[in-house]
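Novice: Okay, here's the structure, questions in a sec.
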C-alpha cells in the first residue's frame, strides 16, 4: 500500500510518500503507526505523539481504530489549518 | 444547484465569482461571500508569507462532501469554494466561499458552516515564514469548537421533490 505524509509529518519522516508492505498482524491505523515508528528516527519523531496525528484511508478521514485491510492509500498528517 | 470547487495557486476575483452565481437567473435573492486573507502577523510576530500545502483530490472530495451537507441543511441555490495553495503574501486572498439562496438566512448559515469545516476538516496546512524561521501553524481549539457547534443532530430538509 502507498503511504503519504503531509506538512510536518512529511518533514520529520523525510519522505512525501512510499510503498510499504506491513506484516499481517498490522490490522488498524494505530497498528500501522506503531509499526512505522520502528522504521527509524524520523518516523519516531513524526509519530512521537500519536494522539495528534490524523489519518485518511483512500482520501477519507478515519480514526486510529479503522482497519487498513483493502486500503490502497493511507495518509498521515497533523491537524488541519486551512481556510 | 450550481457548485464550483477550485483549488489553485493563482489569485481569484471574489466579485466576478459572486456574479457567476447569479448570472442569468432571477430566483436568487441573497449572495454571501466570505474571503480569508493572509495577515502580516502570526501570534504577534511579523510574517513574510504563508505557504499552504494540501492533499490534492482529498481536499476537493472533503469540500464537495461539506457542500452537499450544506445543501441538505439549507435551501442554497449555488456554492463556490476556491482555496489557494502555494506561497501567499500578506494582504493576498487565501480562500473564498460564496453561497447563494433565495433569502439571506440560508446564505449566511451555509457560508459560515462551510468555512468552519474548511478550517478543521479540509486537508490544508499553513506554514509561516518569520524572521525567526519557518514554522507550521498550530490548529486552534477555537476552530474545532466552531466546527463542533454544527455537529448536533439537525432536522434534515425534505429531499427535493
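Novice: When the Cα centres of the range B:81-116 and the range A:4-83 are compared, how far apart do they sit, in Å?
Specialist: Taking the Cα centre of the range A:4-83 as reference, the centre of the range B:81-116 is 30 Å away.
Novice: Separate question: Please build a GNM for chain B, connecting alpha carbons under 10 Å apart, and tell me which residue among B:142, B:122, B:111 fluctuates the most.
Specialist: It is B:142.
Novice: Here is a follow-up. Under a GNM of chain B (C-alpha, springs under 10 Å), which listed residue has the highest mean-square fluctuation: B:32, B:97, B:137?
Specialist: Of the options given, B:137 has the highest mean-square fluctuation.
Novice: On to the next question. Work out, step by step, the length gained on full extension between residue B:6 and residue B:149: first 0.36 nm times the residue separation, then minus their alpha carbon distance; give nm to one decimal.
Specialist: Length difference between fully extended and current span is 48.8 nm.
Novice: Oh, and also: Show me the three semi-axes of the equivalent ellipsoid for chain B, from the C-alpha gyration tensor (sqrt of 5 times each eigenvalue), largest first, rounded to whole Å. Before the final figure, lay out each step's value.
Specialist: Values: eigenvalues 172, 64, 34 Å².
With the √(5λ) rule applied to chain B, the semi-axes are 29, 18, 13 Å.
Novice: Another question about this same structure. According to the square roots a ≥ b ≥ c of the eigenvalues of the Cα gyration tensor, what is the shape class of the range A:1-82, taking rounded for a/c under 1.5, prolate for a/b larger than b/c otherwise, and oblate for the remainder?
Specialist: Taking the square roots of the gyration eigenvalues as a ≥ b ≥ c, the range A:1-82 is rounded.
Novice: Can I ask one more? Determine by what factor the alpha-carbon radius of gyration of the range B:89-141 differs from 2.2 N^0.38 Å, reporting the quotient.
Specialist: Cα Rg divided by the expected 2.2 N^0.38 Å: 1.51.
Novice: I need to check one value: relative contact order of the range A:2-77, counting alpha carbon pairs closer than 8 Å and at least 6 residues apart, in percent.
Specialist: 39 percent
Novice: Continuing with this model, one more query. Normalise the Debye intensity by I(0) for the protein assembly as shown, one equal point scatterer per Cα, no solvent, then take log10 at q = 0.07, 0.09, 0.10, 0.15 Å⁻¹ and round to two decimals.
Specialist: -0.27, -0.44, -0.54, -1.08
Novice: Using Cβ counts within 10 Å as a stand-in for footprinting exposure, how do A:81, A:60, B:33 rank, fewest first?
Specialist: Exposure proxy ranking, most exposed first: A:60, B:33, A:81.
Novice: Same structure, new question: For chain B, modelled as a GNM with alpha-carbon contacts under 10 angstrom, which of B:120, B:35, B:135 fluctuates the most?
Specialist: Result for chain B, Cα springs under 10 Å: B:135 fluctuates most.
Each reported figure results from applying straightforward, stated rules to the coordinates on display, with no laboratory input. These numbers were taken from a predicted model, which means no experiment stands behind them. Heads up, the Cβs are rebuilt from the backbone with ideal geometry, glycines too, and the neighbour counts pull from every protein chain shown.
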